[in-house]
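Please treat every number below as a calculation from the coordinates, not as lab data. These numbers were taken from a predicted model, which means no experiment stands behind them. We place every Cβ from the backbone using ideal geometry, glycine too, and count neighbours over all the protein chains shown.
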Amino acid sequence: MSENPLFDQSYRRLFGDDVAIDKSATPFFVSFYDRFLKDAGVRALFEQTDMVRQQGMLRRSLFHLAAFYVSHEPTPELERIATIHANIGVTNEHYDLWLDALVETVREHDPQSDLATELAWRWAMTPGITYMRLIRNISVTAADSH
């Protein structure tokens, strides 16, 4: 998958060997959102959200973030996700909270997780998050100039 074997191994332990993340990962995503939604600002963004549908979207997002890490190229879907997040007011702080919640959820659900595994997840997710932040910052700058 990548040059980050700790991430690859943890990802497989959590989600299996298939490309798609199946329904067996539902407890992981429930735990993730329990954590992530503790922040009032984040919770406000999800007030009208169908959380079952949102869990499916997160499954796909994780795949596209991992793909960006491996290929260094955004998929059209990651581009779409980044634009949607920029348009709904996701801030740079929200991305930090998202990554922290993700890593804490990995720690909870991956029985072999340790500090090195957590760092491997941060290393793998950061390029895609940086890309999404860049799209957000471009959107905010464009909106401010009008």
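Kindly indicate the residue of the range 91-111 that is part of a loop (DSSP other than H, G, I, E, B) and within 21 Å of Val30 (Cβ to Cβ) and also farthest from the chain's Cα centre (by Cα) among those meeting that condition. Only one residue fits best here, namely Pro111.
Taking the range 73-90, which residues are under 11 Å from Gly128 (Cα atoms) and in a loop (DSSP other than H, G, I, E, B)? Listed by number, the residues that qualify are Glu73, Pro74, Thr75. From the list Ile135, Ile129, the lone residue that is of a type outside the set (Asp, Glu), more than 26 Å from Ser10 (Cβ to Cβ) and part of a helix (DSSP H, G or I) is Ile135.
Table: residues versus (1) closer than 18 Å to Asp110 by Cα; (2) without any contact (Cβ under 8 Å) to a residue 12 or more places away in the chain; (3) touching an Asp or Glu at 6+ places or on another chain (Cβ under 9 Å).
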{"residue": "Asn4", "(1), (2), (3)": "yes, no, no"}
{"residue": "Phe7", "(1), (2), (3)": "yes, no, no"}
{"residue": "Pro27", "(1), (2), (3)": "yes, no, no"}
{"residue": "Asp34", "(1), (2), (3)": "yes, yes, no"}
{"residue": "Ala40", "(1), (2), (3)": "no, yes, no"}
{"residue": "Arg43", "(1), (2), (3)": "no, yes, no"}
{"residue": "Arg59", "(1), (2), (3)": "yes, no, yes"}
{"residue": "Leu78", "(1), (2), (3)": "no, no, no"}
{"residue": "Ile81", "(1), (2), (3)": "no, no, no"}
